[in-house]
Each structure stands twice: as C-alpha cells, then as structure tokens.
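Just so it is clear, none of the values below were taken in a lab; they were calculated from the coordinates. Small disclaimer: the values here were computed from a predicted structure and weren't measured. Ideal geometry is used to build each Cβ from the backbone, glycine not excepted, and the neighbour counts take in all protein chains shown.
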Amino acid sequence: MNRKLAKVLAVGLVLALFVGATLGVGYAKTKLVWAEWWDPEWGEDTVEWIIDTFEEAHPDVEVKAFFAPHDSYSDKLLTLCQAGDCPDIMGMEVTWSDAFNRLGLLADLGPLAASASDEFNSQFSPAWIINYKGRAIMAYLYTNSYGIIYNVKLLEEAGVEPPTDWEELREVLTTLYDPVAKKWGIALPFAMKSSCHFMLYDFWTRLIQAGGHMVDENGLARFDSPAGVRTLEYWKSLLDENLVYPGTVKGALATGEKEFRELFAAEQVAMILSGPFEKGVALERNPDIQVAFTPPFEDCTSGYLLTGSGVAISSQTEHPELAWAFFEHLVSYEVATKMIEERSLTWANTAALGAPELAEDPMLGPYSEMVSNSASRSWIALPSLGDLCGVIMEHAQQYFLGLKPAQQALDEAAEEWNAIVTAGK
Amino acid sequence: MRRRFRDRYDMEGFLFLAPALTLLVLSIAFPLFRVIQRSFQEYSAQVGAFQYVGLKQYQHLFSDPLFWISVRNTFIFTIGSIALHLGFAYPIALLLNARWPNVKIRNFFRGAFILPFLFSPPAAALLWGLLFRPLGPLNYGLSKLGVGQIAFLGDSSWALFSVMLVNSWVYFPLYMILILGGLQSIPKIFYDAARVDGANWIQRFIYVTLPQMRTLVMTVILIDFATSFIHFDLVWTMTKGGPLRSTYLISFFLYEKGLRNFRLGYGSAVGVVIALIMAICISVYVFVAIRREEAAV
Amino acid sequence: MRSHRQRIKHLLLYASTTLITLAVLFPVIFGFFTSFKPNPETFTYPPKLMPQSWTIKSYTSVLSQQRYLRYFLNGYLISISSTLLCVFLGALAGYGLSRFRLPAKRSLMLAILALQMFPGAILMISYFNLSRALGLYDTYLALILIDTTFALSLVIWLLKSYFDSIPVSLEEAALVDGCSRSRALLSIVAPLARAGFIGTGVFAFIRAWNEFMFALILTKGPERAPVTVGLAELFGQYSIQWNGVMALTVVATFPLLIVFIFVQRYIIKGITSGAVK
C-alpha cells in the first residue's frame, strides 16, 4: 500500500478512537429531554420555535429535542428506556403505548392533570387523554379522523360533485375511472406494509359507519359481525369493479400509504381516505394542489374513528411537573394556532379549534363535524397492535383475492386477534 | 508411527489467531450467553424481573403456524437467492474472464457491474419499489411488449421471486468478483493441455473450469447461505412480509414477535432456533458437500 | 479467415456484455435520474426515465443540512477504521490458519463461521447494555468494534485461502536466514498479499457502510451516527422522500465509486486469488 495513504489512514484511526472516547459535556440548567419524530413533518424550525417559546417562559430550563425517525422511533426509545435513559417527555403513538406501558415506562398523567393550570383545563378536552388499564398513559397533541379527501380541481374537471355517502362515492369513482389515461378515482393502502393504516383508516372507519364495533372494553374482537362483513364487502366491490388504483386486486395489494400520497399529490388519483394532515403533505409536494374533505358520510351511522398522536411522560423523569408544563405548552393556544394554520393538524386545543374561520375551511370545517358526531368512536390502546394489524390485513387480503368468504375471514381473524390480546394481558 | 502432539502441531499459530479470536469471542460470547439464558425466561411485570419458565417459549414458538410459514419462505428465499446469485455471477464472470481485445473496456465493464453493490439496502428497496409499481417502468415496458400487468409485489405467486431478484441484484457483484478471481487463477496450462487433446470450449468448460472452480463455488454457497438466511432489511422495506404472508421471512418473525414488542424471552428463543437451524444446515453441508475438498476448510 | 472469425467473436462479446450491463445498470440509471425529478413526477403515468423538469431540490434539501455532512464523515470514519481493523486482525488469523498445523483446524474454521450465524438483531439489547456498561454508548469505538466483529469471520476465511495461494518456499528461505515469523509476514508475505488486503477491505468497508441497526441503537444522534441513520430520516411518518433517498445515495456513493475505480485492479486480483486454493 502507498505509504502516505497508510499514514493518513493510521492517523485517522487513532483520531477516531480518541474522538470516540470523548463524551458529551454536562449542563448547568435543568435539562428536559423531549423525544419526537416530527422533524420532517413539522420542519425543524417549528420544533425549535416550540422549544424557544417554552424556554422564554422558563429561563431556568433547557429543553433538548431528541429526534428519531417515525419508522425506527419505538425501537430506539424502548432500548433507551430499558437502559434507564428515558427522555422526560416522549412523542407517543397509541400503537406503541402498550409496549411502553407493559415495561412500566409511562407515568400516570392523572395526578399531574389534577393540578393543571386553569388555562389548560379550559382548553383541553378530557377525551384527549388516553386511559389504559386504569391509568392515564398518554395525551393527544393532535387528533385525526379519516374521511374522503378529494382534489378540488380534478373533480371539477370531471364535472362531478363531491360525494356525500358511500354509494355516491362509488358513482364518482366510476365517472373518474379512465382506463386509457390510467387514472383512477381513489388509491387505497391494501399492501401488507400498510396493515395498520388499513386497519385504522379503511377498516375501522368503515366499520363504524356500517354500525359495527371493532372491540369490546377488554380489547376482544367484535368485528366478526354483519357490519364487519358489510365493510369488507364494500371494499371488495370497489376492487372488483376496477375502481381502485391500479385496476386489479393484485395491483392494489402492492399499494401502500406512502405510495397513495404520492399518487394523490401527482394528481394520478383524485381521492384518498385519510386525515386532515394530508393537506400539508400534498401541498409540500405540489404547491398548486387544492384539497378538501367531502361532507361527512352516513351509512348505518354517521360516526367516524377518533385517533391521534400525542405525548407521554416517562416514569423515570426527575421533573414530572416540568414535563407536564412542557406538555401544557405544546397544547397551548399559541402553539395550536400555528400548527393548525401551517400544518393543517387539528391540534388539541378547543379555543384554537373553535376559531370561526376554521368552520369555513374546506378541510377543517367538515372535520370538526366528523369529530363532534355522537356516533364517532375513539380507538383504544391495544397490546401488540402491530400484530393485530397484520392479522386483519392478512385475512382481508384473503377475502379480496376470493380465497375465502368474508364471514370466514373475519371469524378466523377474530380468533387470532383474541389470542394475541389475551396473551398480551 | 504416531508422533507426539507437539511435533504434529505448531502451536505458535495460535499467537496469530489470538487477537481475532479474542475479539470474536468477547464480542459474541457474552451477549450470546445472555440470549440463550433469556430464551428460558420471561419478563414478569409483577415481579419486575425475568423469571425462568423452562421450555415455555420454545413450545409457544413451535405451535405458531406463522413460524413454520416463515421457515418455509426463508428456505425458498435462501435457496432461490443462492441460485440467482450464481446464475447471474457465474456467466457474467465467464464473460469478463474471456480474452478481450481491449483490456481497458473489459475493466470498465468490471467496474460497472459493481455499482449495484453500492446501494444501501433501504435505498435499493425503494428504488426497486418504484420500478415494480403496478404502473411503473417495468410494467410500462411489459405493456409495450404486449404482456399484461404483473403485480410484482402484490401477487403472492410473484412477490417472493421479486424480492429474491432484488436481493440478487444488490449482492451478485460480490459473488461475481469472487468467481472471477477464481477463474483467473486456474493455471493456463490446464487449458492448453485440454486443447492439445482436442477439447472444444464446451468440453474445456466441463472438464477444466467446473472441477477447478468446485471448491470456490462451495465456499461461495456457504457464505451466501449464512447471509441470506438471516436477511432482513431489503425485503422488510419492500413488503413487510406481504401480500398474504408470501414474503414473510424468519427474521421478520424474530423482529415482530420478539423485538418490536420487547418480549425478550420469546425473541431470544426465536434467535436460538434460527441459529440452530443454520448450524445444522451448514454442518450437514460441510460434511456432505465439502468433505472431499479437504482444502476448503 | 481466422481474423474474420475472431472479429465476429469480439463483436458478440461486446454486444452481449453491453446488453447485460444495460439490464443490470438500468435501475442505477433510473435511480440517478429520479434524484433530479420533482417528487410528483416520480409517480406520473406513463413513467419517464428522464425528468421532465430537472431540479436539484433533492440535493440542496439534503446537503443544506449541516448534520448530513456529519453523517458522511461519521460513516467514512467508522467504515474505514473498522475496515483497517478487520483486515489487520483477519490477516493475522488468516496467516495463522494458513501456515501452521493446528489441532482441530477444520472445526475451528467452522466455529469462526458459526459466529456469523446469529442474527445481529437478537444480540442488539445485549450490545446496548454492554456498550453502556463499558462507557462505549454513543462512541465511534462501539460501532467500529461491532462492524469489525460481523465482517471478521468472512475476512478470515478469504484471507486464509489467499495466503494458501502464496508459495511457502519464499518464507521458508527467509526463516532459514534467521528471519523471525512476524518479520517474514511483514516483509515477504504482506507485500505479495497487498491485493488481497484491498479486496477483502472493500468487502469489509461496504458491510460497515451499510450497517443500520446497531448504528441506530448505539448512537444518540447525528454526532456519532453514520449515513445509514441519515438515510432513515428520509422515511417519515406520512411520506418518504423518494427523490431525497436517491439523491443521498448518489452523493454518498460518489466518493466510494471513485475509490472503487481506483482500486479496481486490486479488487479483482485481491478478493479472489484468495477464495481459491
């Protein structure tokens, strides 16, 4: 080997070992670590802005954002927490909350909420706190319900009005279907990689509309009902009529949520079934796109699924009150207004959501109707949610492919579901 | 006549082996010990610690039909990958080993074939996800040829083959390099001798190249088996095991059932079983296939 | 007559190789152009190879972020260090296995390979706890050692067979002249094995370069994490930055490609004279 090169490499190695051995420096202020996955969704500027505004009000506190991408977030956080190095306040999905809770990593928010500020109490709905096994384990920062979102321009060009129920949706899809130009009215996430997306957005939402229930209070399956059959039959009929991108069942089984968002932004499909945040996602990709929610649908009921993403406070934190104060800041009117305006996230603050101009908004207007409907249902924390999603998706796929009837698919799914839930208890 | 141990063996050699063995043993032995121990335990939230539960985790594992599906898929995936790797790598290596009129051009091609190896697995998975889309470039090309749409990742009879293809695309350059080097080191004199005997190129390939390459190909298969059997990232990014469970690999089972839910006891049992399956396969392979090739090991 | 046949043969050789190259490289070319497309164009129908409107937004949005520079540097640092360590340890072990009569040598070599069999994932938690106990959490050293561990078995196997192909007679002469073993290895065998070192080094480098899981779990953030962790950042909750991933791949592998072309002639000779006896 070239001697010079060897020297450089040797120096590099020594340097690497030296730098590697050096550890971080300590902090004088009270340090609060906030784990989050939102850098790409909100922009790093926004994350910094949230921290800066909090630190202005609490000069003796230093908040440090700990970013981990959504895909690998729970793996990384669980490992950290297992080792006793849990961030004080953590972005949390209901999906993951059981795993954290089972290991005793989540603080009970109940006592903290009892001494919350008046401003908080007047602007935060108790429904946004998730109770699981008798403890308040997390709270929503923003909520979601999933309905049909459409591209205003594409529907106008086709000369169709936005649908107002599921059968009208079918008619609109038939009009929009253009086999020559390869354009479809809707793309749905029927791929296994989007199993949780399918279960929550497409199956659960449609099930509530069909008058069914997903689970009982113990998390055991109740979807193996006539309403469940009606749900699956509806999606299969759209597939069979070639109304779903890309026109074949097998093609649809390869399409996931990440793909349908791109297809929607690229105006290849005119509609998707998703939440209000899609506006921000679509605009980021295609600044000219105009999106809106359809009016709320009614099948057997007019209810929707209520979900959200939020935060939890670590049971290991030395400053639970400070962590709670930071949470109050996250759902304050100031932060909420900014997040609603800039990111179309329906932030958990009644005052900000109640702003009169929002009722006129093509996204948030219909959305608040969906949320306030009395038939709407909250999803609940479930053990091993990832496995449960896989069970629903696998059996739905078998039905879509015509391998077994809907009732049988749901019965088998319910059996596997209950086995997972029982084992997780 | 039996020689004494000290005469038969040259123990000084262990001095050279010591640093590498120390690192391997230290960095693997301890974690491995914990894993084997954990596989007989279960975390109890009431006690807040791991407790011994005997063979419970293993019983649970063997009674899960998904585990057996994943084992079957993994064997198909591994054997298919090995076949495709060799199927790509061997002929291309032969081409690049042929006598080229211009060495510079040949070197250019050798360099070009290495490009796929530079894609990190998630990037390669994403790239192929784009190519495989139902209305993507590959299907567009097929429709121009008059072939109908193929759901590469949506059709359960295609999906496993599609992901094998991608796995082969990313990793065949490694095997190509290995085989090419093997071809180059076959002494020319063998070929000359064959020519004198009037052998044509097919005969030369069968009677000279293949036997000379046997040891190397055996080693390549071994290495490929050890890496493909525990493959995770590429297929995970592309399909997460779907459609149905047609691409569900054993490493997904390990991740989903053991690690993602932090059931360390169960995950460890899965890991131990995977290692056992591999150890059995490799031992059988080494003793049956490589036995005569004392040289290889 | 003969030259005519030869010309046809060469033509066939060029044509077939070009065709296969194009087939193999089509995805690479497609990915390269995708990195210059605006996001929606990636999904329009009919699919186009070339961008309709060229943009370098994917590049600027990735490269304008300071931490990506850090990811690159970390990636190179970790990969190069672990490569050097790997080749050094592998060379010693390979030499030991090649030149000495050892008891149970075959079992020993199988055992070395066996260490390769355990899915890294099950060892993850143990490594995490171990790295914290030893104060190695969030350090380069932890990643360097782990990357080395997981490539070392193969490197030993390859280098062992490489040494096998170097005639023993050269060293024996030196040993007779009173040269020590290590001296013989350093001044006689090593120069001959140079190509082998580079070839196996490339292999070790790429394994380390592509390693993601340990890099994710054993680092806290961009200060120590390599480029694979930066790549994962582009896989968001709602969407993937497809074009960004392609851009990052192009940027990250460009230096690799240069090095690759540079050492190419060693690679071919290197990895392989090894694998065969």
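Run lengths n ≥ 4 of DSSP H only: what is the helix-derived mean residue ellipticity at 222 nm for chain C, with -39500 (n - 2.57) per run over all residues, to the nearest 500? Mean residue ellipticity, 222 nm, calculated: -23500 deg cm²/dmol. Looking only at A:66, A:327, A:293, which one moves most when chain A is put into a Gaussian network model with springs between Cα atoms under 10 Å? Ranking A:66, A:327, A:293 by mean-square fluctuation puts A:66 first. Counted by Cβ distance under 9 Å from residue C:40, the other residues give a net charge of -1, where Lys and Arg count +1 and Asp and Glu count -1. Could you work out which residue, out of C:106, C:70, C:224, moves most in a Gaussian network model of chain C, that is, has the largest mean-square fluctuation with Cα springs under 10 Å? Looking only at C:106, C:70, C:224, the biggest GNM fluctuation is shown by C:106. Working from label points 7 Å from Cα in the Cα-to-Cβ sense, the residue C:6 to residue B:22 distance is 5.8 nm.
What order do you get for A:202, A:52, A:108 when you list them from fewest to most C-beta neighbours inside 10 Å?
Fewest-to-most ranking of A:202, A:52, A:108: A:52, A:108, A:202.
Could you compute the FRET efficiency for residue B:280 and residue A:180, with r as their C-beta to C-beta distance and R0 at 51 Å, rounded to 0.05? Computed FRET efficiency for residue B:280 and residue A:180 comes out at 0.35. Pairs of Cα atoms in the protein assembly as shown fall into 20 Å distance bins, from 0 up to the last occupied one, in shares of 12, 43, 33, 10, 1, 0 percent.
Computed across chain C, the Kirkwood hydrodynamic radius from all distinct Cα-Cα pairs reaches 21.9 Å. Cβ crowding within 10 Å, taken as a proxy for footprinting-reagent exposure, orders A:205, A:46 from fewest neighbours to most as A:46, A:205.
Which chymotrypsin sites (Phe, Trp or Tyr not before Pro) in region A:357-425 pass both tests, a DSSP loop state and at most 13 other beta-carbon atoms within 10 Å?
none
With helices defined as uninterrupted DSSP H runs, which ones in chain A have an alpha carbon span along their own long axis of at least 24 Å and mean Kyte-Doolittle hydropathy of at least -1.0?
The answer, listed by residue number, is A:3-21, A:406-424.
Given 37 °C and 0.692 mPa s, compute D for chain A with the Stokes-Einstein relation, Rh being the Kirkwood radius over Cα pairs; round to the nearest whole µm²/s. Walk me through the numbers on the way to the answer.
Details: Rh = 23.2 Å.
Here the translational diffusion coefficient equals 141 µm²/s.
For chain C, modelled as a GNM whose springs connect Cα atoms under 10 angstrom apart, the maximal fluctuation among C:228, C:148, C:60 occurs at C:60.
Counted by neighbouring Cβ atoms within 10 Å, the residues B:28, C:258 run from fewest to most as C:258, B:28. Computed over Cα pairs, the Kirkwood radius of chain B leads via Stokes-Einstein (1.306 mPa s, 10 °C) to a diffusion coefficient of 70 µm² per second. FRET efficiency for the pair residue A:290 and residue A:403, taken as 1/(1 + (r/R0)^6) with r the Cβ-Cβ distance and R0 = 41 Å, rounds to 0.50.
Close amide H pairs (under 5 Å, H built 1.01 Å from N) link residue A:65 with A:34, residues at least 5 positions away or on another chain. Distances between placed amide hydrogens fall under 5 Å for residue A:215 paired with A:222, all partners being 5 or more residues away or on another chain. Here's the picture: a label point sits 7 Å out from the Cα of residue B:200 along the beta-carbon direction, and within region C:8-22 the residues with their amide nitrogen under 20 Å of it are C:8-13. By the rule of a second cysteine Cβ within less than 4.7 angstrom, chain A holds isolated cysteines at A:300.
Counting only DSSP H runs of at least 4 residues, each contributing -39500 (n - 2.57), and dividing by the residue count of chain A, the helix-based mean residue ellipticity at 222 nm comes to -14000 deg cm²/dmol. Consider a paramagnetic label point 7 Å from the Cα of residue C:168 along Cα→Cβ; state which residues of region C:75-111 have an amide N under 13 Å from it. Counting backbone N atoms under 13 Å from the label point, the list is C:96-102.
Taking every residue in A:174-185, how many Cβ atoms of other protein chains lie within 10 Å of its Cβ, on average?
Across A:174-185, the average partner-chain Cβ count within 10 Å equals 1.
Annotation for residue B:71 and residue B:44: the two label points, set 7 Å from Cα along the Cα-Cβ direction, are 3.0 nm apart. Once both labels are positioned 7 Å from their Cα atoms along Cα-to-Cβ, the gap between residue A:152 and residue A:44 label points is 3.4 nm. Taking a sphere under 14 Å around the Cβ of residue C:16 and counting the other residues whose Cβ falls inside, with K and R at +1 and D and E at -1, yields a net charge of +2.
Take every Cα pair under 8 Å whose residues are at least 6 apart in sequence, average their separation, divide by the length of region B:58-296, and the relative contact order is 30 percent. Shown in residue order for region C:86-94 are the 3J(HN,Hα) couplings computed by the Karplus curve 6.51 cos²θ - 1.76 cosθ + 1.60 at θ = phi - 60°: 4, 5, 5, 5, x, 5, 4, 5, x Hz (x for Gly and Pro).
Taking the Cα centroid of region C:1-80 and of region A:183-262, what is the distance between the two, rounded to the nearest whole Å? One Cα centre to the other: 37 Å.
Under the combined filter of DSSP loop state and at most 10 neighbouring Cβ atoms within 10 Å, region B:1-106 retains these trypsin sites (Lys or Arg not before Pro): B:2, B:3, B:4, B:99. Say R0 is 56 Å: what FRET efficiency, to the nearest 0.05, do residue C:56 and residue A:119 get from their beta-carbon distance? E(calc), rounded to 0.05, equals 0.75. Loop-located GluC sites (Glu not before Pro) in region A:216-298 (DSSP state other than H, G, I, E, B) with a sparse environment of at most 13 neighbouring Cβ atoms within 10 Å: A:217, A:241. Dividing the helix sum by the residues of chain B, where each DSSP H run of 4 or more adds -39500 (n - 2.57), gives a mean residue ellipticity at 222 nm of -21000 deg cm²/dmol.
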